[in-house]
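Participant: Got a structure here, written out as structure tokens. Questions coming.
The values are calculated or read from the model by the stated rules, or taken from the named source; none is laboratory data. Note that this is a predicted model, so its numbers are computed, not measured. Cβ sites come from the backbone with ideal geometry, for glycine too, and all protein chains shown count toward neighbours. Heads up: the accessible areas ignore ligands, DNA and RNA and are worked out on the full protein's heavy atoms, side chains in. Shrake-Rupley method; radii C 1.70, N 1.55, O 1.52, S 1.80 Å.
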Amino acid sequence: MSISAIEKLFTVFNETAQILQEELSITYLDALAETGENLFQDTVLQEELSEITVKRLEKSYKQIYLEKYNNEEIRKAYQLAILKGMKENVQPNHQMTPDAVGMLFAYLVNKFIKAPSFKILDPAVGSGNLLTTVLNLQPNKTIHATGIDIDDLLIRLAFVNANLQSHPIQFFNQDSLQPLFIDPQDAVICDLPVGYYPDDVRAAEYEIKAKSGHSYAHHLFIEQSTRYLKPGGYMFLLIPNGLFESDQASQLHDFIKKHLFVQGVLQLPLSMFKNKNSAKSIFILQKKGEDLKPPKKALLADLPALTNSAALNNIFRKIETWINENK
Ligand code: SAM
């Protein structure tokens, strides 16, 4: 992967998004989705633009040939542009999953799922950054991926992101806690949206619902993901460290005990987060099924700073030994 290639691509995304933002009076992120679609379709799709603007855009697009870039270069350049747009418009629960977390998810999916072909779902796909990071790092596998998000701008960005990287992902723009129109999955990955779910009527259909008041969306996401997993399927979740310390934790405990085997908890280094309260872990679960047994011992580890490659390699060795003994 080349830094200069990423910079060059970012410059084109950024310049052309700025032109569209100004000419169409839209936000930078809307303009980024528009320009990504133009690049993918290899034409300027916005009919209301002046001839001069179309020429300016075409001149910029001509500087790059998408086919020359690999998926990770495209993903990173697009990610930089999204991060720039998100700075304009900060929404804490819509943040993109950081690369370091994406890489760890990709590593874990690769180690846990050995089948040459499988189905994977991200029910809070956002910009598609996490899902495409995972897909990019599963060489020689046929993967049927689905992404769902309630936010229409983010799902547009995800759709364009997937097109630019030639990933045939199926997208749905809906509330993931409503019924889903998808087949049972082999794996679910999710950077859980944390907070209350406002729809108490829908929440009432969940085993994990709050005894009174609003239920936690992140708890309901765990139950919903379990429903759509095949027996034996795996769930990889980014969770807040305080997941089991809340007032609704007992319902969550009971649900997990009944339906899932805890495979492991990998605590991310505190240095990745603003403070202790915002720190997160990767929670790995398996849906129970006939003839399946829980691991002898769950995989528990505190991950070192991701810049500490010696310590990180030690942890990867520990994970691999655990997988060899348990899988
Ligand atoms: N992994 C994503 C990425 O790489 O861009 C970021 C996920 S972000 C932390 C959480 C996402 O959950 C947001 O995109 C938000 O729109 C979505 N979300 C929140 N509540 C939802 C719901 N009920 N159904 C579907 N998506 C929801």
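Participant: Scanning for something open to solvent by 40 Å² or more (accessible area, probe 1.4 Å) and of a type in the set (S, T, N, Q), does the stretch 180-190 turn up at least one residue?
Facilitator: No, the stretch 180-190 contains no residue that is open to solvent by 40 Å² or more (accessible area, probe 1.4 Å) and of a type in the set (S, T, N, Q).
Participant: If you don't mind, another one. If only one of PHE105, PHE118, PHE112 is touching a strand residue (DSSP E or B) at 6+ places or on another chain (Cβ under 6 Å) and within 15 Å of LEU130 (Cβ to Cβ), which one is it?
Facilitator: Checking each option against the conditions leaves just PHE105.
Participant: To continue, here is another question. Using the structure shown, decide if THR43 is assigned to a loop (DSSP other than H, G, I, E, B), closer than 30 Å to LYS318 by Cβ and polar (S, T, N, Q).
Facilitator: Against the criterion (assigned to a loop (DSSP other than H, G, I, E, B), closer than 30 Å to LYS318 by Cβ and polar (S, T, N, Q)), THR43 does not qualify.
Participant: Something else about it: Looking only at the stretch 298-327, count how many residues are under 12 Å from SER271 (Cβ atoms) and out of contact with any strand residue (DSSP E or B) (no Cβ under 6 Å at 6 or more places or on another chain).
Facilitator: Number of matching residues: 5.
Participant: A follow-up question, please. Before we move on, is GLU23 open to solvent by 80 Å² or more (accessible area, probe 1.4 Å), part of a helix (DSSP H, G or I) and either touching a Leu at 6+ places or on another chain (Cβ under 8 Å) or closer than 19 Å to ARG156 by Cβ (or both)?
Facilitator: Yes.
Participant: Kindly provide the set of residues from the stretch 46-68 that are outside any loop (DSSP other than H, G, I, E, B), over 16 Å from GLN21 (Cβ atoms) and of a type in the set (D, E, K, R), ordered by number.
Facilitator: Passing the criteria: GLU51, LYS55, GLU58, LYS59, GLU67, LYS68.
Participant: Check ALA162, ALA145, ALA100 and return the single one that is modelled with pLDDT under 95 and open to solvent by less than 40 Å² (accessible area, probe 1.4 Å).
Facilitator: When all the criteria are applied, what remains is ALA100.
Participant: Quick one: is SER215 farther than 25 Å from ASP186 by Cα and at pLDDT below 95?
Facilitator: no
Participant: Give me the pairs, please: first residue somewhere in the stretch 289-307 and in contact (Cβ under 8 Å) with a residue 24 or more places away in the chain and under 13 Å from PRO231 (Cβ atoms), second residue anywhere and β-branched (Val, Ile, Thr) and open to solvent by 40 Å² or more (accessible area, probe 1.4 Å), beta-carbon distance under 9 Å, and either six or more positions apart or on two chains.
Facilitator: Nothing qualifies.
Participant: Checking GLN91 against (1) open to solvent by less than 10 Å² (accessible area, probe 1.4 Å); (2) within 15 Å of the ligand (Cβ to nearest atom), which single condition isn't satisfied?
Facilitator: Of (1) open to solvent by less than 10 Å² (accessible area, probe 1.4 Å); (2) within 15 Å of the ligand (Cβ to nearest atom), only one is false for GLN91: (1).
Participant: Right, here's the next one. Of all residues in the stretch 168-179, which are more than 8 Å from the ligand (Cβ to nearest atom), more than 11 Å from ASP122 (Cα to Cα) and crowded, with 19+ Cβ neighbours inside 10 Å?
Facilitator: Within the stretch 168-179, no residue meets the criteria.
Participant: Under 9 Å by Cβ, and 6 or more places apart or on different chains, what pairs join a residue from the stretch 213-233 that is open to solvent by 40 Å² or more (accessible area, probe 1.4 Å) with one that is of a type in the set (Ser, Thr, Tyr)?
Facilitator: GLY213/TYR196; HIS214/TYR196; HIS214/TYR197
Participant: Still on this structure, please answer the following. Specify which of the listed residues (ILE74, ILE82) is near the ligand (Cβ under 10 Å from one of its atoms), open to solvent by less than 40 Å² (accessible area, probe 1.4 Å) and over 25 Å from LEU285 (Cβ atoms).
Facilitator: Going through ILE74, ILE82 in turn, the sole match is ILE82.
Participant: Report, by residue number, each residue of the stretch 103-140 that is open to solvent by 10 Å² or more (accessible area, probe 1.4 Å), more than 9 Å from the ligand (Cβ to nearest atom) and in contact with a Ser or Thr (Cβ under 7 Å, 6 or more places away or on another chain).
Facilitator: Those that are open to solvent by 10 Å² or more (accessible area, probe 1.4 Å), more than 9 Å from the ligand (Cβ to nearest atom) and in contact with a Ser or Thr (Cβ under 7 Å, 6 or more places away or on another chain): MET103, PRO116, SER117.
Participant: Select from the stretch 264-286 the residues that are assigned to a strand (DSSP E or B) and either at pLDDT below 95 or open to solvent by 40 Å² or more (accessible area, probe 1.4 Å) (or both) and write down the one among them that is farthest from THR307 (Cα to Cα).
Facilitator: VAL265
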